[in-house]
Amino acid sequence: MKKNLLLATLLLTTTAWAQKFEGLALTPPMGWNTWNTFAANIDERLVKETAQTMIDNGMRDAGYVYIVVDDCWEAKDRAADGTIVADPLKFPSGMKALGDFLHSKGFKFGIHNCAGTRTCADFPGGRGHEYQDALRYAAWGVDYLKYDWCNHGTADARETYKTMRDALHTAGRPIVFSLCEWGQNKPWEWAKDVGHLWRTTGDITNCYDCRKKWSMGWKVILDSQVELFEFAGPGHWNDPDMLEVGNNGLTLAESRAHFSLWCMLAAPLMAGNDVRNMSKEIRDILTDRDVIAIDQDPLGKQAQRWETHPDHEVWVKQLSHDEWAVCILNPGPVPAKITYAWKELEYYFKGNYQVRDVWQKKNLGTTSSNFSGEIAPHDVALFRLSRLTDG
């Protein structure tokens, strides 16, 4: 115990140079998280089965490499010396063994804790143990830390998250730092130098536009992202929360639209469904390489909402190599017949572009002709525009 205290004291004297790890999350992180479907009902068998399924169904190779064990992995209390420990019944092999397993399968290991004294599910939080925990996470081979904001008392968010940032850097293992602060203190204004991504809202839930006590549907969250585009970029992302794609409560069209618009937002893509039991249609949505490429574009631009009408919204995202992604959402409850003139987007780009329907996998001609089509309720049409050279 004396050795641990001496080491912690030494680490506390070295934080003047500490920073977040640069060169990580240059595109939005992709992976899978236990929370949306399983909450507290997690164990190492679930994580291992999910990892193998993600190999078999192509998710890992499509880019979903972070497997994040959310809240409720911990034992109810810390060890006598303050060390954080895993629940021995849920994770009998221990977290290092789990991390080693995931690494052996080509994944990265993510874990959850909280900036308060207790987590949201009343397990030991990190406050007052940041350096001790950071060393523990490094020893376990953790690659991604989601850090929540429950039971924080009167703590200042910016300083609290900086403390954990400094602890992670001092521990020496490059870890993607995800600030799950719910947007309460406008982290987009200050978190670029603290973490690699930050939550912008409260929790998502599996519906289109419902509002519950602690959570909301994806359309409600989408509407709150409109003014945040300027704050996102390589290594620092707005996080509108995890994906509900494939969960009960969403139609297939709503899952497709949800996924499309999160890709337009350059959002982290953290699947939250039971990937061991999902339909081919949902798998095809989650692993569509052309749609994922819009999210993962290295330019790192977040889409802007250009137009809103009762029967459609238009979102525009700049891509690399003078290309653009355009998403037309039907927010209404009935099918919408849409005719759209590409010249309406001359604020963003001029000239002639080839138009490709990303979901339908077909070219539609060029921007010299209007788009005409019917979009189902709560569904989208998604396009990629590539400049045509003169002559």
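Select from the range 190-210 the residues that are among the hydrophobic types (A, V, I, L, M, F, W, C) and surrounded by fewer than 20 Cβ atoms within 10 Å (Cβ to Cβ) and list them in ascending order.
TRP190, CYS210
Counting only residues that are surrounded by 19 or more Cβ atoms within 10 Å (Cβ to Cβ) and without any contact (Cβ under 8 Å) to a residue 60 or more places away in the chain, which one in the range 331-354 is farthest from ASN370 (Cα to Cα)?
Looking at the filtered set, the residue picked out is ALA336.
Residue-by-condition table, conditions (1) in the same structural domain as GLU159 (by TED's automatic domain parsing); (2) closer than 30 Å to GLY153 by Cα; (3) without any contact (Cβ under 8 Å) to a residue 60 or more places away in the chain; (4) in contact with a helix residue (DSSP H, G or I) (Cβ under 8 Å, 6 or more places away or on another chain):
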| site | (1), (2), (3), (4) |
| --- | --- |
| GLN52 | yes, no, yes, no |
| MET59 | yes, no, no, yes |
| VAL65 | yes, no, yes, no |
| ASP71 | yes, yes, no, yes |
| LEU89 | yes, no, yes, no |
| LEU102 | yes, no, yes, yes |
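Across the range 285-310, what is the total count of residues that are at pLDDT 95 or above, assigned to a loop (DSSP other than H, G, I, E, B) and farther than 17 Å from PHE259 by Cβ?
Qualifying residue count, the range 285-310: 4.
Given the options ALA79, ALA86, ALA75, ALA62, name the one that is modelled with pLDDT of 95 or more, surrounded by 14 or more Cβ atoms within 10 Å (Cβ to Cβ) and farther than 30 Å from VAL245 by Cβ.
When all the criteria are applied, what remains is ALA75.
Kindly indicate whether any position in the range 121-132 is in contact (Cβ under 8 Å) with a residue 12 or more places away in the chain, within 21 Å of ALA51 (Cβ to Cβ) and surrounded by 24 or more Cβ atoms within 10 Å (Cβ to Cβ).
For the range 121-132, residues in contact (Cβ under 8 Å) with a residue 12 or more places away in the chain, within 21 Å of ALA51 (Cβ to Cβ) and surrounded by 24 or more Cβ atoms within 10 Å (Cβ to Cβ): absent.
Would you tally the residues in the range 165-175 being surrounded by fewer than 24 Cβ atoms within 10 Å (Cβ to Cβ) and touching a Phe, Trp or Tyr at 6+ places or on another chain (Cβ under 9 Å)?
6
So in the range 211-252, with the set limited to residues that are touching a Lys or Arg at 6+ places or on another chain (Cβ under 7 Å) and either at negative phi or not in a loop (DSSP other than H, G, I, E, B) (or both), which one is surrounded by the most Cβ atoms within 10 Å (Cβ to Cβ)?
If we take residues in the range 211-252 being touching a Lys or Arg at 6+ places or on another chain (Cβ under 7 Å) and either at negative phi or not in a loop (DSSP other than H, G, I, E, B) (or both), then ASP239 is surrounded by the most Cβ atoms within 10 Å (Cβ to Cβ).
Tell me the residue from LYS146, LYS96 that is charged (D, E, K, R), in the same structural domain as GLN19 (by TED's automatic domain parsing) and surrounded by fewer than 20 Cβ atoms within 10 Å (Cβ to Cβ), please.
LYS96
Restricting to strands (runs of 3 or more DSSP E) lying wholly in the range 134-209: which have 2 or more residues that are out of contact with any helix residue (DSSP H, G or I) (no Cβ under 9 Å at 6 or more places or on another chain)?
144-148, 176-179
Scan the range 253-284 for residues that are over 23 Å from ALA40 (Cβ atoms), assigned to a loop (DSSP other than H, G, I, E, B) and either among the hydrophobic types (A, V, I, L, M, F, W, C) or not assigned by TED's automatic domain parsing to the domain that holds ASP203 (or both) and jot them down.
LEU265, ALA266, ALA267
THR287 is checked against (1) exposed (fewer than 13 other Cβ atoms within 10 Å of the Cβ); (2) assigned by TED's automatic domain parsing to the domain that holds PRO268; (3) not hydrophobic (A, V, I, L, M, F, W, C) and fails just one. What number does that condition carry?
THR287 satisfies every listed condition except (1).
I need the full set of residues from the range 25-46 which are in a loop (DSSP other than H, G, I, E, B) and under 16 Å from the mean Cα position of the chain (by Cα), in order please.
ALA25, LEU26, THR27, PRO28, PRO29, THR34
Checking the structure you have, find out if any residue of the range 367-389 is surrounded by fewer than 13 Cβ atoms within 10 Å (Cβ to Cβ) and at positive phi.
The answer is no; no qualifying residue exists.
Based on what the data block shows, is VAL355 assigned to a strand (DSSP E or B) and assigned by TED's automatic domain parsing to the domain that holds LEU382?
Answer is yes for this residue.
Only one residue in LYS90, LYS96 is among the charged types (D, E, K, R) and part of a helix (DSSP H, G or I), so which one is that?
Among LYS90, LYS96, only LYS96 is among the charged types (D, E, K, R) and part of a helix (DSSP H, G or I).
The values are calculated or read from the model by the stated rules, or taken from the named source; none is laboratory data. Not measured: the values here are computed from a predicted model. Virtual Cβ from ideal backbone geometry, glycine too; neighbours counted across all protein chains shown.
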